[in-house]
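The values are calculated or read from the model by the stated rules, or taken from the named source; none is laboratory data. Worth saying up front: this structure is predicted, and the values here are computed from it rather than measured. As a convention, Cβ positions derive from the backbone with ideal geometry for all residues, glycine included, and neighbour counts pool all protein chains shown.
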Amino acid sequence: MTKPIEGFSKLSKAEKLNWIAEHYTSNNEQTLHILKKYWNNDPQLQQLHDEFIENTLTNFYLPLGIAPNFLINDTFYAIPMAIEESSVVAAAAKAAKFWQNRGGFKTRVLGTEKVGQVHFIYQGDTVKLTRFFTVVKPLLIAHVAPIVKNMEKRGGGVRSIELRDKSGELANYYQLHCTFETLDAMGANFINSCLEGFAEKLKEEALTYTAFTEREKNIEIVMGILSNNTPNCLVRAEVSCPVDDLKGHHDLSAMDFAEKIVRAVSIAKIDPYRAVTHNKGIMNGIDAVILATGNDFRAVEAGAHAYAAKDGKYTSLTHAKIEGDIFKFWIEIPLALGTVGGLTGIHPLAKIALEILQKPTAQELMQITAAVGLAQNFAALRSLVTTGIQQGHMKMHLLNTLNQLGATGSEKKELIAYFKKHTASHSAVVSALENLRNKQ
Ligand code: MEV
């Protein structure tokens, strides 16, 4: 396919399907068959999904699983998780069960501040701009009054607007650095609307500010946009227990196991190569809850990794120590989440996921999600410092491999039993299936 297409978005869904199958796939009919197989039988539900984005062809399924037995601040939760990686839900559930008998997860929200910025160019005297800002600040706030009215009624709104001089780093560049409280909403639309309102008023007022020269009057707005760096929208989750309660791991003493976990975390603290993978394991759990509840995992990913690098070097999001005879393991992570607005109220599965979580507030969802991240990291480290990751991973991946090889129901049953006692590498599964078929 070499020719571009004009007006693709205006084609009907059937035309889009035909065009893509014909121009970009080798087996036209099979492509259409598979794409259509993933349509929902309920046309209204399918239309809802079609309208989430532009140019929808079909749906892309992810499994939605449950990790039960999460004891968080003395309440049991069953956690919905949407993820494709085979061992993630099993690992979360296993870690939850482990900590259930050791006091569970203790969590607290450390802050809920969101940030947005108006980036602009001003060519002139900074002192005059500072004076202008003092005059214009109440007008900016008044200008967005209709947007913030409802949010303010509920206790949220604009918390601060600060002028920041960035001209030392980029010629003539200044910012309005603004903070917001968006309560149970993730708040992206609210924040962006406020910022665009601030930008509009800033420009307008500058044009008539008599102390400015003609050049100074001409403020150039570059953009107004929220920041996904939310270091003060922060949550902490912790588990702790007497070191003795950690016995039973492989052939390790309880203290040896505790020390190995602490050392594994210390390695992630000092080595960015390890830290990235360590944190990726945390995000396995966090993203799965975020997806299941209709939140924005890209926003949270960006903010979490920025936080991991906030002191100038990328490091672990979790921490561990042995204090006397107590083992402590905790996470601090920024999580800008919502339980109202966006997809949370539109996607039927997100609504059910939130119902399963007992309709949490945004702050409760932050705490639940942080606990899952911590559990996921504990599960990964526990495997890594004892058996290695592959044993559990390959066990969970076995069904995928068997499905890929076209194993029948009875073949799967027999081979799952066989691999309870054998290591399930890809080649071992291939030859075990061959052997089984040769016997039949
Ligand atoms: C795999 O998805 C995640 C792990 O690599 C995390 C880790 O190494 O800590 C197992």
**Request:** List the number of the failed condition for Thr387; all other conditions in (1) surrounded by fewer than 19 Cβ atoms within 10 Å (Cβ to Cβ); (2) in a loop (DSSP other than H, G, I, E, B); (3) in contact with a helix residue (DSSP H, G or I) (Cβ under 8 Å, 6 or more places away or on another chain) hold.
**Result:** (3)
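Using the structure shown, decide if Ala353 is under 17 Å from the mean Cα position of the chain (by Cα), buried (at least 22 other Cβ atoms within 10 Å of the Cβ) and not acidic (Asp, Glu). Spell out the reasoning first.
On the way: under 17 Å from the mean Cα position of the chain (by Cα): yes; buried (at least 22 other Cβ atoms within 10 Å of the Cβ): yes; not acidic (Asp, Glu): yes.
So Ala353 passes the test.
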**Prompt:** What are the pairs, 6+ residues apart or on separate chains, where a residue within region 218-236 that is within 15 Å of Tyr173 (Cβ to Cβ) has its Cβ under 6 Å from a residue that is β-branched (Val, Ile, Thr) and crowded, with 23+ Cβ neighbours inside 10 Å?
**Reply:** Gly224/Val118
**Request:** Quick one: in region 419-440, of everything that is within 37 Å of the chain's Cα centre (by Cα) and assigned to a helix (DSSP H, G or I), which residue is farthest from His393 (Cα to Cα)?
**Result:** Val430
**Request:** Sort out which residues of region 70-93 are closer than 20 Å to Ile352 by Cα and charged (D, E, K, R), and write them in order of number.
**Result:** Glu84
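Based on this model, can you work out whether Ser253 counts as among the hydroxyl-bearing types (Ser, Thr, Tyr), away from the ligand (no atom under 16 Å from the Cβ) and more than 30 Å from Phe180 (Cβ to Cβ)? Even if it seems obvious, please write down each step before you answer.
Details: among the hydroxyl-bearing types (Ser, Thr, Tyr): yes; away from the ligand (no atom under 16 Å from the Cβ): yes; more than 30 Å from Phe180 (Cβ to Cβ): yes.
In short, yes.
For region 241-250, indicate whether the set of residues that are in the same structural domain as Val89 (by TED's automatic domain parsing) and aliphatic (A, V, I, L, M) is non-empty.
So the first thing to find is which residues in region 241-250 are in the same structural domain as Val89 (by TED's automatic domain parsing), and the list is 241-250.
Within this subset, residues satisfying the condition of being aliphatic (A, V, I, L, M) are 243, 246.
Within region 241-250 (the criterion being in the same structural domain as Val89 (by TED's automatic domain parsing) and aliphatic (A, V, I, L, M)), the answer is yes, since at least one residue qualifies.
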**Request:** Mind counting the residues in region 369-417 that are within 16 Å of the ligand (Cβ to nearest atom) and on the phi > 0 side of the Ramachandran plot?
**Result:** 1
**Request:** Considering only region 94-146, state which residues are in a strand (DSSP E or B) and among the polar types (S, T, N, Q).
**Result:** Thr107, Gln117
**Request:** Tell me which residues, restricted to region 158-189, are touching a strand residue (DSSP E or B) at 6+ places or on another chain (Cβ under 7 Å) and over 16 Å from Thr130 (Cα atoms).
**Result:** Val158, Arg159, Thr179, Phe180, Glu181, Thr182, Asp184, Ala185, Gly187, Ala188
**Item:** Every residue from region 229-269 that is buried (at least 16 other Cβ atoms within 10 Å of the Cβ), hydrophobic (A, V, I, L, M, F, W, C) and farther than 23 Å from Glu364 by Cα
**Value:** Cys241, Val243, Leu246, Leu252, Ala254, Phe257, Ala258, Ile261, Val262, Ala264, Val265, Ala268
**Request:** Say whether the condition of being in the same structural domain as Val135 (by TED's automatic domain parsing), assigned to a loop (DSSP other than H, G, I, E, B), modelled with pLDDT of 95 or more and more than 14 Å from Gly116 (Cβ to Cβ) is met by at least one residue in region 195-206.
**Result:** no
